[in-house]
Amino acid sequence: MTTQMSAAIRLNLALLTVIVVLMAVSLIVGPAGLSPRTAIAALFSGDGPAGIVVRDIRLPRTVLAVLIGATLGLSGAALQGLLRNPLAEPALFGAPQAAAAASSFTIAFGFASATSLAVPLAGIAGALVSIGGLVLIAGRRASLAVILLAGLALASFAGAMTALVLNLAPNPFIALEVAFWLLGSLEDRSVDHLMIAAPFLIASWGVLFVNARAFRALTLGEDVAASLGVDLLRTRLLVVIGVALGVGASVAVAGSIGFVGLVAPHLVRRAAGFDPARVMLPGALAGAALLLAADVAVRIIPAAIELKVGVVTALIGVPFFLAMIFSERRMLEGSPS
């Protein structure tokens, strides 16, 4: 076993340990205070109030945080590998915005409440429509630049539709509910939400991991990758579809949760190495740990109402993003012309 492989195994085991610890903490903390012993017992055998709190409320929320965080982290790592750009993140192709627009419409016009199962179903449908629209607009032989431009156009259109929905909402209180939902939250999510989103999230993992070899080849340039047998068109479309499926399902269930897909791959890149294929698994694990930590934080921070997890991830992500920009600028200014 090489030194690099053993380092990668140690990194993944360390991240898994952090996730397990955070999952245990997530089952314990909340408005209904439970001791660690009570929470663990309720997870396996409790039939009273503690069992309801742990198994029916906190466990689905915890598992969703792991799945969604992993999906966002993996999507960010895949896009950064595809575009060979460390600033790439999962909102580039319009699927999150389309999912948000469809879900917002469902809530604002009274078709369902924010916690209804109709909301994630509408969001996933919106993401799938966005994927189909992107493929139709870009065409079968589109370059990466055309795909990005088409995704930007769809994202802008979906964002405008969300704003239109908020303006036309017949009830201002419902519009406020939509605005809060868009901030991103895992509160009040049930096993049903988990069962709806999980197939799309796991399918996106499969699509993205299948392309790991292509990301490694792309580090040498598109021409070299093509000479090594990489089908560039197929890789681009599969990555767009995989990211859109996973991120669209995430937004449909939990609202908009930003910056996890950008930050998570960078947290592990130095330890995992700069091979984009090696960053994918630890990037997914780091995303799961990051979202779990943020979800635990919103339950610990004292507030009149529970903070939205999307707000916490943005507060973490924006300074990190700015630091990355300044770092890139210093590298460019320091390089010889």
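The values are calculated or read from the model by the stated rules, or taken from the named source; none is laboratory data. Being a predicted model, the structure only gives us computed values, none of them experimental. Ideal geometry is used to build each Cβ from the backbone, glycine not excepted, and the neighbour counts take in all protein chains shown.
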**Request:** Please enumerate the residues belonging to segment 141-174 that are among the small types (Gly, Ala, Ser) and either over 21 Å from Ser103 (Cβ atoms) or crowded, with 18+ Cβ neighbours inside 10 Å (or both).
**Result:** Ala142, Ser143, Ala145, Ala150, Gly151, Ala155, Ala158, Ala169
**Fill in**
Scanning segment 53-71 residue by residue, those touching a helix residue (DSSP H, G or I) at 6+ places or on another chain (Cβ under 6 Å) and not hydrophobic (A, V, I, L, M, F, W, C) turn out to be Arg58, Pro60, Thr62, Gly69, Thr71
**Message:** I need the full set of residues from segment 275-315 which are within 20 Å of Met23 (Cα to Cα) and of a type in the set (Val, Ile, Thr), in order please.
**Reply:** Val296, Val298, Ile300, Ile301, Val309, Val312, Thr313
**Prompt:** Can you tell me which of Ala225, Ala249, Ala272, Ala254 is more than 19 Å from Ala127 (Cα to Cα), in contact with a helix residue (DSSP H, G or I) (Cβ under 8 Å, 6 or more places away or on another chain) and modelled with pLDDT of 85 or more?
**Reply:** Ala225
**Prompt:** How many residues, within segment 273-309, are among the acidic types (Asp, Glu) and more than 30 Å from Ala225 (Cβ to Cβ)?
**Reply:** 2
**Asked** Is it the case that Ala99 is within 19 Å of Arg189 (Cα to Cα), touching a residue at least 40 places away in the same chain (Cβ under 8 Å) and in a helix (DSSP H, G or I)?
**Response** yes
**Fill in**
Among Leu92, Leu16, the single one that is among the aliphatic types (A, V, I, L, M), modelled with pLDDT under 80 and within 27 Å of Gly248 (Cβ to Cβ) is Leu92
**Item:** Positions within segment 221-258 being crowded, with 24+ Cβ neighbours inside 10 Å and among the hydrophobic types (A, V, I, L, M, F, W, C), in sequence order
**Value:** Val239, Val240, Val243, Ala244, Leu245, Val247, Ala249, Val251, Ala252, Val253, Ala254, Ile257
**Prompt:** When Ala138 is evaluated against the numbered criteria (1) under 26 Å from Ala197 (Cα atoms); (2) surrounded by 18 or more Cβ atoms within 10 Å (Cβ to Cβ), which criterion, by number, is the only one it fails?
**Reply:** (1)
**Fill in**
Expected single match for farther than 30 Å from Leu183 by Cβ and among the aliphatic types (A, V, I, L, M) among Leu262, Leu233 is Leu233
